[in-house]
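This report refers to the structure that appears directly beneath it.
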Amino acid sequence: MRVDDAQQVADERQTWQREHQDSVSQEYPAVGNPARFDPFELESVMLNLDASLRIRARHQFFGWTQGTLQSLVEHQLLICALQNEAPARFYVDSFSTVPVEPTHFSELFRQDVFLVPHLIKSWEENHNQVITFEAGNGDQFAGSALARELTRLGASHIVAHGTHDANGQLTSFFTFACRPGSISPRQAYYVELLVPFLHSAWIRTQVNWQAKSAGARPAVTGFLTPREREILEWIYRGKSNIEVGMILKISPLTAKNHVQKILRKLGVLNRTQAVGKALALRILTT
């Protein structure tokens, strides 16, 4: 190759790099290039990535997403959906520190035929990149119970991203429900950066990592009755009060009363926190 040709190739490469960097900067102003992060942002990103690698159990995932992760992506509710052919299309789990029952939102997500298909289709049409959406905007999703509940929660602004397999088929989908106006392009970039780590961490929580060491801390179960522990097991499996009642042949009201007692005894606000604390105390095991 002649010197002139080599110089032309080098010039064309530099031109392409500048154009590529400009396009990224336009799509994610001031965030597409990690070199533009200030030291605090870089430290926060690294802390979150490191925390994700240490997760092996559901209560650890809860602690990360509702704790450290909030410094990058502040949200009121996180809905995680894993593609599952049978018996339902998705296995869904939800995480929140606000006083709601996340299992309720998980069920709404599974049953939704308006908002959820729209989010997934929009994500696919956006070349599998992060999407943002206002769930309470207009009458388009008036039939969506999920959209109505998110609006009632004050978390109608959605940021969603997923993962896919080698064939481009959806494998998992993560929906952050946030307060309107709380998500900027910077937070959207954080979501794109973190979702692969979210996926890996959440998948690891589905594996049985039962501790087998002789020095494992014994379970603390004495302050819950056998019936309460049984109900807690079904809560951990994502069952609603109605479903627990049907399984145990008790009324939904009785199931609800048991759940309230469990929450008081564990000193938590909602069912997800109860599961997280029960896992930490080894009342439940993964």
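The values are calculated or read from the model by the stated rules, or taken from the named source; none is laboratory data. Remember, predicted model here, so these are calculated numbers, not experimental data. FYI the Cβ positions are ideal-geometry reconstructions off the backbone, even for glycines, and counts take in every protein chain you see. The area values use the complete protein model at the heavy-atom level, side chains included, leaving out ligands, DNA and RNA. Shrake-Rupley method; radii C 1.70, N 1.55, O 1.52, S 1.80 Å.
Numbers for the structure displayed
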item	result
Checklist (1) more than 26 Å from Ile283 (Cβ to Cβ); (2) surrounded by fewer than 16 Cβ atoms within 10 Å (Cβ to Cβ); (3) not polar (S, T, N, Q) applied to Val45, failing item	(2)
Complete set of residues in the range 103-131 that are open to solvent by 80 Å² or more (accessible area, probe 1.4 Å) and not in a helix (DSSP H, G or I)	Val113, Phe114, His127
Selection count, the range 158-185, where residues are surrounded by 17 or more Cβ atoms within 10 Å (Cβ to Cβ) and of a type outside the set (Val, Ile, Thr)	10
All positions within the range 143-155 that are closer than 16 Å to Leu119 by Cβ and open to solvent by 10 Å² or more (accessible area, probe 1.4 Å)	Gly143, Ala145, Arg148, Glu149, Thr151
Checking Val100 against (1) assigned to a loop (DSSP other than H, G, I, E, B); (2) in contact with a Lys or Arg (Cβ under 6 Å, 6 or more places away or on another chain), the condition it does not meet	(2)
Any hit, the range 177-190, residues being touching a Pro at 6+ places or on another chain (Cβ under 7 Å), part of a helix (DSSP H, G or I) and modelled with pLDDT under 90	yes
Qualifying residue in the range 199-209 (condition: modelled with pLDDT of 90 or more, open to solvent by 40 Å² or more (accessible area, probe 1.4 Å) and closer than 30 Å to His127 by Cα)	yes
Whichever residue in the range 236-276 is among the charged types (D, E, K, R) and part of a helix (DSSP H, G or I) and, among such residues, is most open to solvent (accessible area, probe 1.4 Å)	Arg264
The range 62-97: number of residues that are assigned to a helix (DSSP H, G or I) and open to solvent by 50 Å² or more (accessible area, probe 1.4 Å)	2
Sole residue being modelled with pLDDT under 90 and more than 21 Å from Val92 (Cα to Cα), chosen from Lys249, Lys277, Lys265	Lys265
